[in-house]
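Below is one structure, written out as structure tokens; comments come after it.
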Amino acid sequence: MRMMQRSAYAFAVSMLGVFAASAAPSTTESWPQRAVRVIVPLPPGSNTDLAARQFAEKLSQRWHQPVIIENRQGADGIPAVSGFVSARDDHTLLCSFAGIITINPLIYEKLPYDPVRDLVPIASIADNFVGIAVSQTLKVKSLDEFVKLARSQPRKLNWAASPGVPLYAFAALQNSTGIEMVQVAYRDFNSALPDVGEGRIQAVATGLFLLLPQVQAGKIRFLMLNSRQRSPQAPEVPTASEAGYPELTFDSVAGFYGWRDMPTDLKERIAADIRAVAADPAIAARLASSGSALRVGTPAEFAAVIEKQSMQIAAIARIMKPTQ
């Protein structure tokens, strides 16, 4: 049933504009009339939070109103989305990773929000670089060497991943290569990083920004990035395609969402303002320094990226094995 809902996502998103256009008169000229609140489902200092703050500062200048970031972290973004939906406020936006739409319906039987009707994609702002790395204790220098080693020792090596796209990216690696490893789940994922550095965990998948300190300390080695482009922070690390595994490319995208029945003209206006703000070269430079890449576009383009990730994640979820 949930898979049928996923396949209906693209049609539903396309219809949102029709419904929204008839739901309310145009507010493009007068909006915003007061401070705009942006709810972020991650803690201060996270990639998405930093990106949201970069755009909030510039949008505030453009809109001549304060744009205030409110962090509501935890539980796969559900508290943040619930707060956003229940606010029923046309001056509250959500800035989030796409997993609130693409992943949560697959892992929760019931959600306190409707991923299609309650969340209207406005514009993406960033791709967060996700990396796969291994402990230096393994003495492997490439993804192919790691795969060969893991195949020779089925279920002898451990792995860990932060929730969301990194988890599915590593699951896709196992499926694509036929390797079998044991997942180690962490209540606090930050504890996994020193474990990889000391060789207690052999492989890890998470955001580039979290991995860099351990790489720079010589504790772990990057194998690849699950991204469409190389990162300025780790230019020597190949992308999935360059490493020979194009099927492991994921768009770990984050962006702004509007409320149910948001007027189409207002959605397009905010998206245009976001694109205008993104033209400032300082925005891209600051995102790159935090392990992300600038990515902006139209509401339709953002919705298409979400749909693509939704299909990709759903396909992996169908073949994932339970945590051992």
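Data for the structure
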| quantity | calculated |
| --- | --- |
| Test item: Cα-centred dipole of the chain, Lys/Arg +1 and Asp/Glu -1 on Cβ, debye | 700 debye |
| Computed magnitude of the charge dipole of region 130-248 (debye, nearest 20; Cβ of K, R +1, Cβ of D, E -1) | 200 debye |
| With 20 Å bins from 0: P(r) over the chain, alpha-carbon pairs, percent | 33, 55, 12, 0 |
| For region 173-324: relative contact order, % (alpha-carbon pairs under 8 angstrom, 6 or more apart) | 20 percent |
| Mean separation of Cα contacts under 8 Å (6+ apart) over length of region 130-248, as relative contact order % | 37 percent |
| Share, in percent, of DSSP beta bridges within the chain that are antiparallel, nearest 5 | 65 percent |
| Angle between the chain longest axis and helix 299-317 axis [Cα atoms, degrees, rounded to 10] | 30 degrees |
| Tilt relative to the chain, helix 47-63 - C-alpha long axis, 0 to 90 degrees, to 10 | 20 degrees |
| For region 148-290, with +1 on Lys and Arg beta carbons and -1 on Asp and Glu, the positive-most of Ala234, Tyr245, Ala160 along the dipole | Ala160 |
| Residue-wise HN-Hα coupling along region 95-110, computed from phi with Karplus coefficients 6.51, -1.76, 1.60 (Hz; x: Gly, Pro) | 10, 8, 5, 6, x, 4, 9, 8, 10, 4, x, 8, 10, 10, 5, 9 |
| Pairwise label distance in nanometres, Gln153 with Glu247, each label 7 Å out on the Cα-Cβ vector | 2.6 nm |
| Kirkwood estimate for region 130-248, i.e. one over the average of 1/r between Cα atoms, Å | 13.9 Å |
| The chain: most fluctuating residue of Met262, Met224, Met311 per GNM, C-alpha cutoff 10 Å | Met311 |
| Residue among Ala282, Ala240, Ala98 with the largest mean-square fluctuation in a Gaussian network model of the chain, springs linking Cα atoms under 10 Å | Ala282 |
| Degrees between helix 264-278 axis and first principal axis of the chain (Cα, 0 to 90, nearest 10) | 60 degrees |
| Relative contact order for the chain, counting Cα pairs under 8 Å that sit 6 or more residues apart, in percent | 27 percent |
| Beta bridges by DSSP in region 130-248, antiparallel share as percent, to the nearest 5 | 65 percent |
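Just so you know, all these numbers are worked out from the coordinates, no wet-lab data involved. Keep in mind that what you see is a predicted model, and the values were worked out from it rather than measured. Neighbour counts run over all protein chains shown; Cβ positions are idealised from the backbone, glycine included.
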